[in-house]
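Single-structure report; data block below.
A short reminder: the numbers here are calculations on the coordinates, not readings from a lab. Source: prediction; values computed, not measured. Cβ sites come from the backbone with ideal geometry, for glycine too, and all protein chains shown count toward neighbours.
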């Protein structure tokens with residue numbers, strides 16, 4: 001399981017997830033930047049994501065949905081604020097409708113992700129990724145946690161190990 005730490009700070013209105021992956025930052029970056037690759041892991045098991053639009057570049061927009069096994073869809077939209085390819089990105093995130101119109105009533109959150117090269121257990125070269133999610137209120141943070149954000153992020157990121165292992169097996 002790649003998630004090594006989860007910190008909820010109600011005073012700072014943040015939810016931080018730290019994960020490590022047995023791949024270099026350039027490879028891990030592609031898991032976020034390429035719409036077909038992010039689809040393979042962004043939603044937790046049973047709620048796969050489909051990205052209708054995904055531009056991880058300053059001013060870019062992403063529009064996606066996660067679909068449950070019963071066909072229920074939840075839509076989201078991102079506005080990309082800052083990008084340092086292979087190193088970090090910052091986005092604003094909101095629930096949306098099927099056309100990509102944000103649900104302003106629920107409000108926006110923000111997320112900054114950083115990727116750093118690291119030596120993992122056993123001396124394996126890898127990447128540590130830190131996601132800092134910021135909320136506008138304690139109520140907004142509590143609502144996201146009630147919806148299962150903690151376990152959902154753990155499960156979603158847990159799928160990345162499978163993707164990397166499949167690639168390693170293909171290389172032989």
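Hey, among 128, 132, which residue is over 20 Å from residue 40 (Cα atoms), out of contact with any helix residue (DSSP H, G or I) (no Cβ under 7 Å at 6 or more places or on another chain) and surrounded by 15 or more Cβ atoms within 10 Å (Cβ to Cβ)?
Working: 128 fails: over 20 Å from residue 40 (Cα atoms).
Residue meeting the stated conditions: 132.
Can you find, within region 41-67, the residue that is farthest from residue 136 (Cα to Cα) among those that are free of Cβ contacts under 8 Å to residues at least 24 places away in the same chain, assigned to a loop (DSSP other than H, G, I, E, B) and over 13 Å from the mean Cα position of the chain (by Cα)?
46
Can you tell me which residue is surrounded by the fewest Cβ atoms within 10 Å (Cβ to Cβ) among those in region 86-111 that are in contact with a helix residue (DSSP H, G or I) (Cβ under 9 Å, 6 or more places away or on another chain) and farther than 20 Å from residue 40 by Cβ? Spell out the reasoning first.
Going through region 86-111, the residues in contact with a helix residue (DSSP H, G or I) (Cβ under 9 Å, 6 or more places away or on another chain) turn out to be 86-87, 89, 106-107, 109.
In the following step, the residues that additionally are farther than 20 Å from residue 40 by Cβ were identified as 87, 106-107, 109.
Working: 87: 12, 106: 14, 107: 15, 109: 20.
By that ranking, first place goes to 87.
For a quick check of your reading of the model, give me the residue pairs whose first member lies in region 116-132 and is on the phi < 0 side of the Ramachandran plot, whose second is surrounded by fewer than 17 Cβ atoms within 10 Å (Cβ to Cβ) and assigned to a loop (DSSP other than H, G, I, E, B), with beta-carbon atoms closer than 6 Å and at least 6 apart or on different chains.
From region 116-132, the pairs are 126/120.
Being more than 29 Å from residue 22 (Cβ to Cβ), without any contact (Cβ under 8 Å) to a residue 60 or more places away in the chain and either in contact with a helix residue (DSSP H, G or I) (Cβ under 8 Å, 6 or more places away or on another chain) or assigned to a helix (DSSP H, G or I) (or both) is true for just one of 70, 139. Which residue is that?
Working: 70 fails: either in contact with a helix residue (DSSP H, G or I) (Cβ under 8 Å, 6 or more places away or on another chain) or assigned to a helix (DSSP H, G or I) (or both).
On inspection, the qualifying residue turns out to be 139.
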